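First comes the structure, then the notes that go with it.
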Amino acid sequence: MAGDIAEAFDYSVGGGDEELSIRDRIVRTLEMLRGTDLQDRTLRPSDTPLATFALPEGHEEVERYWVHAPYAYVVVTHDPEAAEHYYYAVEPDLKPFERELLTRVVEDIRDPLLFREGVGRAGEETLEEELARLLEQYGAELDMNGFHSLLYYIARDFRHYGKVDPLFHDPHIEDISCDGYSLPLFVYHDRYTDIETNIEFEEAELDNYVTRLAQRSGNHVSVGEPIVGTTLPNGARVELTLGEEVTPRGSAFTIRKYAEEPFTPIDLIDYGTFSVEQMAYFWLCIEHNKSLIFAGGTASGKTTSMNAVSMFVPPRSKVLTIEDTRELSLYHDNWLSSVTREQTGEGSDIDMYELLRSALRHRPEYIIVGEVRGNEAVTLFQAMNTGHTTFSTMHADSIETVINRLENEPINVPRAMVQSLDMLSIQTLTRFQGERVRRAKTIGEIGGIDQRTGELDYSAAFKWLPGSDEFQRNDSSLLGEIQDERGWTRSELLSEMRDRQQFLEHLREKGITDYRTFTALVNEYYADPEETMVRIEGETLLDTLDEDHVDDAGRGATEVEETDDDDTGGLFGGLGGGGSGDSGSGGGSGGGTDTSDTQRVGPDETTRSDDDESGPDYGTGTSPGETTETDGGVNR
């Protein structure tokens, strides 16, 4: 049957056997005019996987999981001889006839999509309608699997990111890198670190792909300007190079993925990056306009942590962010976002220094700068000295290194101005018990200049203990300053810290990790702290939280354990508290990333859906070939 269909298709496009009888030609012409009934219902997770995988010789399968069910999944293998892991992105199989058909459809579907009324960027439904129309026009008969396999590839190439698209769907991948022509892509996987994939690009294909990525982000890349750094529509950062002049092995790209929704302080507590006590400390300091810098190495979580603690900014306060590429995402009413711009035409560059100078004229209460690395740092510290609260990040691995970088070329901030910085959080990407984790290695406080030595004084309010994965707390002069500013007694200060810890612990127990909900609840605390704590005690905090509360929280891009006074006394220098104590990390020691999207069910477990049909663009967390449970029939 497939051979007959292939011959009919060949004939319809001008090929076929010229010796066919008149009767055969009439029959085939009538079939083309009549069209074809297609089985194009949406696929269900219980359907047979569209893709098959053959284990390479000598390899052992480590795991497999869906990244775009029921279309694409991932298989990770291990080669004992090479002592290496390998990453295979498995996509729907196509028969030879279906490959020919796909090539023809890709050519013929462009014009209808370009000239279709009322359609901007083609949606999934539009592609499905056009594909069905073309197949009926060709007279090609396909089963349901064949139809959806074609639809997958068309949507992948027209709407998404081509052959790299499965990697974008994998929540375990942080970085995707292509080093040149005909070279395998490498990814940074949260379980296997750097791992080779089965995806590669030929020369013309890679040049076109790099150009397309630049265009998708609203930029231009050419031989004359072969290097572009930008942000993709899905929020991922990408560095592109075109051709062989700059990168001799050919065009290259590195994509750094970011979560679609920002991490909240609760997420960072769950992952063990910070403890509940540390987050309560940040909250109290940010509320009282203390400036902060997150420092660390590459991929240590600096920007993620800064974005998370920014959710503690009081509601209605004016916040202004300055970045090279868009990374920050706040759920805040009064937020002005600004991004640098390279020279276009007769215009001039708008760099971070210019944006920061402009920002001060907007009278912001909080200024958040993506990263300081040059002369904009002096302006940033001038803003600190004039009463603006600032947050930023920089590359450094210790408090000493941060101070040295700030005081020397090319930043050159005078020491007298550096002392206006209040807090430093040193982030690290490390390993604990065989797992890769991110931790706040040190949270330091900047003091004044020592009159005897002329050096800048600093101390550590918290230190991470790698042996036990716990956080050690020490005296905090910064909280003592807050107590004096507010005229609190020691008991009142302890009560403020305890209430915030109790609030965060309650949200953690309830699993509140959506940034809109988290921000709405923090704003409720600011509005009426006493009432909020009463509702926490009565387990009613979430009862009145509805969509209106969440919508009012901001418009950006979203059993309680009581602590005794002695438990927090060690934080406050000069207040008579203990010198140090241990505080649990607040999260499992093995977690640096969220794996909730890949939870499995056993191969023999069958679960039911309340609705019988599922949308074509869902992703489930089960292994290929397994069935899943859905509340409404759609897993996204």
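A few remarks follow.
- Interchain or long-range residues, amide H under 5 Å from Leu336's placed H: Val319, Leu320, Thr321
- Rounded to the nearest whole Hz, the Karplus-based 3J(HN,Hα) values (6.51 cos²θ - 1.76 cosθ + 1.60, θ = phi - 60°) of region 82-87 follow the sequence 8, 6, 10, 9, 9, 10, with x at glycine and proline.
- Averaged per residue, region 94-197 has 42 square angstrom of accessible surface, using a 1.4 angstrom probe with ligands and nucleic acids left out.
- Charge tally for Ser182 (other residues, Cβ to Cβ under 12 Å; Lys, Arg +1; Asp, Glu -1): -4.
- Surface share of carbon and sulfur [accessible, 1.4 angstrom probe, percent] for region 52-176: 46 percent
- Placed amide H near Leu183: partners under 5 Å, 5+ positions off or other chain: Phe201
- Once the mean of 1/r is taken over each pair of separate Cα atoms and inverted, region 167-231 shows a Kirkwood hydrodynamic radius of 13.0 Å.
- The phi-based Karplus calculation (6.51 cos²θ - 1.76 cosθ + 1.60; θ = phi - 60°) puts the 3J(HN,Hα) values of region 393-409 at 10, 7, 8, 5, 10, 7, 4, 4, 5, 4, 5, 4, 5, 5, 8, 10, 4 Hz, whole numbers, x for Gly and Pro.
- For region 256-351, the equivalent ellipsoid derived from the alpha-carbon gyration tensor has semi-axes of 27, 17, 12 Å in decreasing order.
- Dipole of region 116-268, positive end: most advanced residue of Gly139, Val228, Ile199 [Cβ charges, Cα centre]: Val228
- Cα-based equivalent ellipsoid, region 316-384: semi-axes from gyration tensor eigenvalues, Å: 20, 15, 11
- Relative contact order [Cα under 8 Å, 6+ residues apart], region 389-499, whole percent: 15 percent
- Other-chain or far-sequence residues with amide H under 5 Å of Tyr258's (modelled H): Ala236, Arg237
- Options Leu150, Leu94, Pro70, ranked by Cα towards positive dipole end of region 69-175, top entry (Cβ charges): Leu150
- Each residue of region 421-436 was assigned a 3J(HN,Hα) from its phi angle through the Karplus curve 6.51 cos²θ - 1.76 cosθ + 1.60 (θ = phi - 60°); the sequence is 6, 9, 10, 9, 10, 8, 9, 9, 9, 9, 10, 9, 6, x, 9, 7 Hz, with glycine and proline shown as x.
- Solvent-accessible area, 1.4 Å probe, carbon plus sulfur percent, for region 409-505: 42 percent
- All alpha carbon pair distances within region 181-268 were sorted into 5 Å bins beginning at 0; the resulting P(r) in whole percents reads 3, 13, 20, 21, 19, 11, 6, 4, 2, 0.
- Taking every protein chain into account, the accessible area of region 381-468 amounts to 43 square angstrom per residue (probe 1.4 Å).
The values are calculated or read from the model by the stated rules, or taken from the named source; none is laboratory data. The shown structure was predicted, so the numbers you read here are calculated from the model rather than taken from an experiment. Cβ atoms come from the backbone with ideal geometry, glycine included; neighbour counts cover every protein chain shown. In case anyone asks, the SASA skips ligands and DNA or RNA and just uses the protein heavy atoms, side chains included. Shrake-Rupley method; radii C 1.70, N 1.55, O 1.52, S 1.80 Å.
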